[in-house]
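A short reminder: the numbers here are calculations on the coordinates, not readings from a lab. Remember, it's a predicted structure, so these values are computed and weren't measured experimentally. Heads up, the Cβs are rebuilt from the backbone with ideal geometry, glycines too, and the neighbour counts pull from every protein chain shown.
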Amino acid sequence: MITTASQDDPTFSVVGTTPGLAETLTRVSAMALYCALALVFLWIGAMKFTDYEAAGIAGLVMNSPFVGWWHALLGIAGTSRMLGVVEIAVGLLLAARLVSPRLSMVGASISVLTFLVTLSFLFTTPGVTEPRAGGFPALSAMPGQFLLKDVVLLAVSCYCLGESLLAQQRHGS
């Protein structure tokens, strides 16, 4: 988008007819959010195929009223691998924002759902609070603080979903 800025405008550009720093930074940052979220899903999804990661998520999954049945149905390793496939697919869908808002909209929708489920683990997983620090609101390092970072990932996912919807409306693709 080409804009003309005045010297009083905080996005003033030296040239005056090119996008200002704030607009450029916002545009680049939006794509960086997609890429960063895609990287998180791709990397963690790939880790789901290791025994280490399968063991690490077992307690989170088993104690969830929403996804605990996965463990009974697929076992620890099967659940982890299934999540790995889903997470890699979500990462690829988010990365597709570079070419298709429709694909990234699907990925962002699944991402929002993913982080809503993982945040529910804050309330269902034993050991989230730290009793030696007085209990709630003191969170244990693992799993409490580990899960709390998903608040940020949920916010990024919501942003990506909204931006994908807007881009879909603008471009009709």
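Reported to two decimal places, what Rg/Rh ratio describes the stretch 107-172 when computed on Cα atoms with Rh from the Kirkwood expression? It would help to have the intermediate numbers written out before the result.
Working: Rg = 15.7 Å, Rh = 13.1 Å.
Answer for the stretch 107-172: 1.20.
Rank the residues CYS160, CYS35 as a footprinting-exposure proxy: fewest other Cβ atoms within 10 Å of their Cβ go first. Before the final figure, lay out the partial values.
Details: CYS160 24, CYS35 14.
Listing CYS160, CYS35 from fewest to most nearby Cβ atoms yields CYS35, CYS160.
Can you give the relative contact order of the stretch 58-134 as a percent, counting alpha carbon pairs under 8 Å and 6+ residues apart?
Details: 49 pairs, mean separation 25.3, N = 77.
Computed value for the stretch 58-134: 33 percent relative contact order.
Only Cα pairs within less than 10 Å get springs; with that Gaussian network setup on the chain, which residue of THR114, THR24, THR125 has the largest fluctuation?
THR24
Please list 3J(HN,Hα) in residue order for the stretch 48-54, calculated via the Karplus relation 6.51 cos²θ - 1.76 cosθ + 1.60 where θ = phi - 60°; whole Hz, with x for glycine and proline.
Values per residue, Gly and Pro as x: 5, 8, 9, 5, 4, 5, 4 Hz.
Rounded to two decimals, what ratio of Rg to Rh does the chain give with C-alpha atoms and a Kirkwood Rh? Walk me through the intermediate numbers first.
Working: Rg = 20.0 Å, Rh = 18.1 Å.
Rounded to two decimals, Rg over Rh is 1.11.
Could you go through the stretch 158-164 in sequence order and give the Karplus-derived ³J(HN,Hα) for each residue, using 6.51 cos²θ - 1.76 cosθ + 1.60 with θ = phi - 60°, rounded to whole Hz, and x for Gly and Pro?
Result, rounded to whole Hz: 5, 4, 4, 5, x, 5, 5.
Once every DSSP H run of n ≥ 4 in the chain is given -39500 (n - 2.57) and the sum is divided by its residues, what mean residue ellipticity at 222 nm do you get, rounded to the nearest 500 deg cm²/dmol? Kindly include the intermediate steps, with their values, before the conclusion.
Details: 5 runs with 113 residues, N = 173.
After summing the helix terms and dividing by the residues of the chain, the value is -23000 deg cm²/dmol.
What is the sum of charges, Lys and Arg at +1 and Asp and Glu at -1, for the other residues whose Cβ falls under 12 Å from the Cβ of MET47? Can you show the working numbers first?
Details: positive: LYS48, ARG81; negative: ASP51, GLU53, GLU87.
So the surrounding residues net to -1.
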